[in-house]
Amino acid sequence: MALETEIATNPPELALSDTDINWDRLDKTKFHVIGAVLFTAQQALLHPTAVVKTRMQVVADSDSCGLSRLGGASFFRHIVRNDGVPGLFRGFGTSAIGSLPGRVICLTSLEVSKDMMLRYTEGLDMPEATRVGVANGVAGMFSNLVSCVYFVPLDVICQRLMVQGLPGATSYNGPFDVIAKVIRNEGFRGLYRGFGLTAVTQSPASALWWGAYGAAQHIIWRSLGYRDDAQKKPSHMEMVTVQASAGMVAGACSSIITTPVDTVKTRLQVMDNYGVGRPSVLKTVKTLLREDGWWGFYRGFGPRFLNMSLYGTTMIVTYELIKRLSIKQR
């Protein structure tokens, strides 16, 4: 009885190998079901920051309300004052439901490609942190390329729902009305506005994020004295803390580098008032420069930095928890 009490009050420590659970150790059904539930909850917590970021990036300097001069906190209050709390969750239902199939595609391609890269680089003469970083980076790039085909149209739909109410924004009656109007005005390729820009830029950004996360986690564990073959094992709390720290570092670095591209992509996907002709990257860049100079490319940086730092932390803690809960029973 004393032994059972000691185990209940002192959870068993984990092997360091449990910090990097590979694809072949996972129960795939549990992995995707648990992932759908937990990632949807995480998405609900962070969606308001995405709404604020998107609206800040889209609003033009010419608006009569002076919204382009508001900071992130002021823009947040403006949305709540005018639209109430529901205004912070515009597009959430479409995003949450629409993301479910995309997550299956993204997570499967991520884990399979990472497992393949780890096997391929196993015999190469390189530092372990570099090998882990490279494997995670390649996996992140590949999964992003695969998921872009699915997620770009979903982004176009959700972002158009988010910006309703802004001066010059088109009014829609739900996601299907967005699809109908975009296809009627631009054809099917209108749903893929910004696809090339997203694929070319976000795939390297995803490689950077996952590579930085994998390498940072490996370095932190080693700096704390943990080794795969050592008797010293991390506790659950240590594991969550290290993974959250590595995710925060990766998210913060990625937001600094990718915000200008994200601003161009968001405006390209949402705005229609560029005059004659189909919107293009060049027209979007010229408009940003004309409206606000080079700083215009960092519109919405505060909410995006917060979003990606929090996303990096909560996503990776959630993701690693999902993997631990999905380990095959032996």
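Here is how the numbers come out for the structure above:
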{"quantity": "Rh by Kirkwood over Cα pairs, then Stokes-Einstein D for the range 118-219 at 1.306 mPa s and 10 °C, µm²/s", "calculated": "100 µm²/s"}
{"quantity": "Sum of side-chain charges, LEU154 neighbourhood, beta-carbon under 12 Å (Lys, Arg +1; Asp, Glu -1)", "calculated": "+1"}
{"quantity": "Calculated FRET efficiency for the pair LYS181/LYS233, C-beta based, R₀ 51 Å, to 0.05", "calculated": "0.35"}
{"quantity": "Summed side-chain charge close to SER255 - residues other than SER255 whose Cβ falls under 15 Å, Lys, Arg +1, Asp, Glu -1", "calculated": "+3"}
{"quantity": "DSSP-assigned coil residues among GluC sites (Glu not before Pro) in the range 23-130, each with at most 10 further Cβ atoms within 10 Å", "calculated": "GLU122"}
{"quantity": "Stokes-Einstein D in µm²/s, Kirkwood radius over Cα pairs - the range 176-330 at 37 °C with 0.692 mPa s viscosity", "calculated": "179 µm²/s"}
{"quantity": "GNM flexibility winner over the chain from SER113, SER223, SER235 (Cα, springs under 10 Å)", "calculated": "SER223"}
{"quantity": "Stretchable slack from THR121 to ALA252, in nm (0.36 nm times residue separation minus alpha-carbon distance)", "calculated": "44.4 nm"}
{"quantity": "Simple spin-label estimate for VAL112 and VAL200 in nanometres, 7 Å along Cα-Cβ", "calculated": "2.8 nm"}
{"quantity": "Spin-label zone in the range 29-43 - amide nitrogen under 13 Å from a point set 7 Å from the Cα of LEU224 along the C-beta vector", "calculated": "none"}
{"quantity": "Computed E for LEU289/SER171 - FRET, C-beta separation, R0 22 angstrom, nearest 0.05", "calculated": "0.15"}
{"quantity": "Relative exposure of HIS47, HIS236, judged by other C-beta atoms within 10 Å (fewest first)", "calculated": "HIS236, HIS47"}
{"quantity": "GNM flexibility winner over the chain from GLY93, GLY133, GLY296 (Cα, springs under 10 Å)", "calculated": "GLY93"}
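No value in this document is a laboratory result; all are computed from the given coordinates. Bear in mind that the values here come from a model prediction, so they are computed numbers and not experimental data. Positions of Cβ are backbone-derived with ideal geometry, glycine not excepted, and every protein chain shown enters the neighbour counts.
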